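**Student:** I have a structure here, written as structure tokens, and I will follow up with some questions on it.
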Amino acid sequence: MKPFLVGLLALVLPLTNAQVPHWGPCPEPSTQPAFNLKKFMGRWFEIAKLPAQFERGRCIETNFTLTLDGSARVVSSEILKGEVKRIEGTAVVEDKKNPAKLGVSFSYVLPYTPYWILSTDYESSAVVYSCTDVLRLFHVDFAWILGRTRSLPAATVEHGKDVFTNNNIDVSRMILSRQKDCD
Ligand SMILES: *[C@@H]1O[C@H](CO)[C@@H](O)[C@H](O)[C@H]1NC(C)=O
């Protein structure tokens with residue numbers, strides 16, 4: 001690798017939870033047709049995720065609430081070392097022509113990160129993808145399967161993985177999130 005690329009990776013990696021970057025630009029997955037932000041609101045539990053972050057918290061969930069300006073308040077929580085940690089952010093529709101392409105930010109100083117709803121039935125599960133291009137040379141991505149309940153049938157999780165795979169997103173390293181002993 002060229003030295004400047006190595007330098008670039010060293011700069012970007014700490015920001016991305018040491019996720020392994022993939023060469024090339026982000027894939028262009030299809031998203032939920034006629035996405036209805038309002039129906040997506042409420043409580044979602046993290047069922048599976050990419051990248052594997054074994055050291056992170058458990059019982060991860062996110063609560064979306066519609067705000068008056070048509071965006072959403074996002075409250076994510078997890079249990080880390082026995083303590084409930086919460087972060088609050090904002091989700092906005094980034095592409096008015098495609099409301100399934102949300103952006104989420106957890107700080108006023110941070111840019112919005114893509115948060116694309118690839119597929120959801122609003123009532124039981126959702127397949128969410130986030131990818132960021134770095135100079136079109138490589139990309140870093142995050143992927144989640146969310147559920148309205150703390151666990152989903154194995155077939156639903158497999159179907160969620162298929163949605164990623166059918167969009168050329170590699171989820172072979174996706175891991176199940178820990179949702180035991182949460183309440
Ligand atoms: C989600 O957020 C709304 C608005 O702040 C709140 O009324 C509701 O109780 C929250 N639900 C959960 C499960 O935290």
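The values are calculated or read from the model by the stated rules, or taken from the named source; none is laboratory data. Quick caveat, the model's predicted, so the values are computed rather than measured. Methodologically, a virtual Cβ is constructed for each residue, glycine included, from the backbone with ideal geometry; neighbour enumeration extends over all protein chains shown. Ligands, DNA and RNA are excluded from the accessible area calculation, which covers all protein heavy atoms including side chains. Shrake-Rupley method; radii C 1.70, N 1.55, O 1.52, S 1.80 Å.
**Student:** Just to be sure before I move on: is Ser172 among the polar types (S, T, N, Q), open to solvent by less than 80 Å² (accessible area, probe 1.4 Å), within 17 Å of the chain's Cα centre (by Cα) and over 22 Å from Leu37 (Cα atoms) in the structure I sent? Full working, then the answer.
**Tutor:** On the way: among the polar types (S, T, N, Q): yes; open to solvent by less than 80 Å² (accessible area, probe 1.4 Å): no; within 17 Å of the chain's Cα centre (by Cα): yes; over 22 Å from Leu37 (Cα atoms): yes.
Here the answer is no, as Ser172 does not meet what is asked.
**Student:** Something else: Would you point out the residue of the range 37-72, among those that are in contact with a helix residue (DSSP H, G or I) (Cβ under 9 Å, 6 or more places away or on another chain) and in contact (Cβ under 8 Å) with a residue 60 or more places away in the chain, that is nearest to Thr149 (Cα to Cα)? Please lay out each step first, then the result.
**Tutor:** Residues of the range 37-72 that are in contact with a helix residue (DSSP H, G or I) (Cβ under 9 Å, 6 or more places away or on another chain), as a first pass: 47-48, 50-51, 64, 66, 70-72.
The next check asks that each one be in contact (Cβ under 8 Å) with a residue 60 or more places away in the chain; those that pass are 47-48, 50-51.
Values: Ile47: 9, Ala48: 12, Leu50: 19, Pro51: 21 Å.
Per the stated criteria, the residue is Ile47.
**Student:** Within the range 38-59, count every residue that is open to solvent by 30 Å² or more (accessible area, probe 1.4 Å) and closer than 29 Å to His22 by Cα.
**Tutor:** Adding up the residues that qualify gives 5.
**Student:** Take the conditions in contact (Cβ under 8 Å) with a residue 12 or more places away in the chain, over 24 Å from Phe64 (Cα atoms) and out of contact with any Ser or Thr (no Cβ under 6 Å at 6 or more places or on another chain) and apply them to Phe164. Does it pass? Even if it seems obvious, please write down each step before you answer.
**Tutor:** Working: in contact (Cβ under 8 Å) with a residue 12 or more places away in the chain: yes; over 24 Å from Phe64 (Cα atoms): no; out of contact with any Ser or Thr (no Cβ under 6 Å at 6 or more places or on another chain): yes.
The answer is no for Phe164.
**Student:** Continuing with this model, one more query. Which residues, counting only those in the range 52-68, are away from the ligand (no atom under 15 Å from the Cβ), over 18 Å from Phe106 (Cβ atoms) and out of contact with any Leu (no Cβ under 9 Å at 6 or more places or on another chain)?
**Tutor:** At the first step, the residues of the range 52-68 found to be away from the ligand (no atom under 15 Å from the Cβ) are 52-58.
Then keep just the ones that are over 18 Å from Phe106 (Cβ atoms); that gives 52, 54-55, 58.
Matches in the range 52-68: Ala52, Phe54, Glu55.
**Student:** Just checking, which of Val104, Val93, Val128, Val75 is among the aliphatic types (A, V, I, L, M), within 24 Å of Val163 (Cα to Cα), free of Cβ contacts under 8 Å to residues at least 24 places away in the same chain and open to solvent by less than 40 Å² (accessible area, probe 1.4 Å)? Talk me through it step by step, then tell me what you get.
**Tutor:** Values: Val104 fails: free of Cβ contacts under 8 Å to residues at least 24 places away in the same chain; Val93 fails: free of Cβ contacts under 8 Å to residues at least 24 places away in the same chain; Val75 fails: within 24 Å of Val163 (Cα to Cα).
Val128 is the lone residue from the list that is among the aliphatic types (A, V, I, L, M), within 24 Å of Val163 (Cα to Cα), free of Cβ contacts under 8 Å to residues at least 24 places away in the same chain and open to solvent by less than 40 Å² (accessible area, probe 1.4 Å).
**Student:** Taking the range 107-125, which residues are in contact (Cβ under 8 Å) with a residue 40 or more places away in the chain and of a type in the set (Val, Ile, Thr)?
**Tutor:** Within the range 107-125, Ile117, Thr120 qualify.
**Student:** Just one of (1) surrounded by fewer than 14 Cβ atoms within 10 Å (Cβ to Cβ); (2) in a strand (DSSP E or B); (3) under 16 Å from the mean Cα position of the chain (by Cα) trips up Val84, so point out which.
**Tutor:** If we test Val84 against (1) surrounded by fewer than 14 Cβ atoms within 10 Å (Cβ to Cβ); (2) in a strand (DSSP E or B); (3) under 16 Å from the mean Cα position of the chain (by Cα), just (3) comes out false.
**Student:** Here is a further query. Quick check on my filter: what residues within the range 107-120 are in a loop (DSSP other than H, G, I, E, B) and open to solvent by 50 Å² or more (accessible area, probe 1.4 Å)? First the steps, then the outcome.
**Tutor:** Just the residues of the range 107-120 that are in a loop (DSSP other than H, G, I, E, B), to begin with: 107-112.
Result: Tyr108, Val109, Leu110, Pro111, Tyr112.
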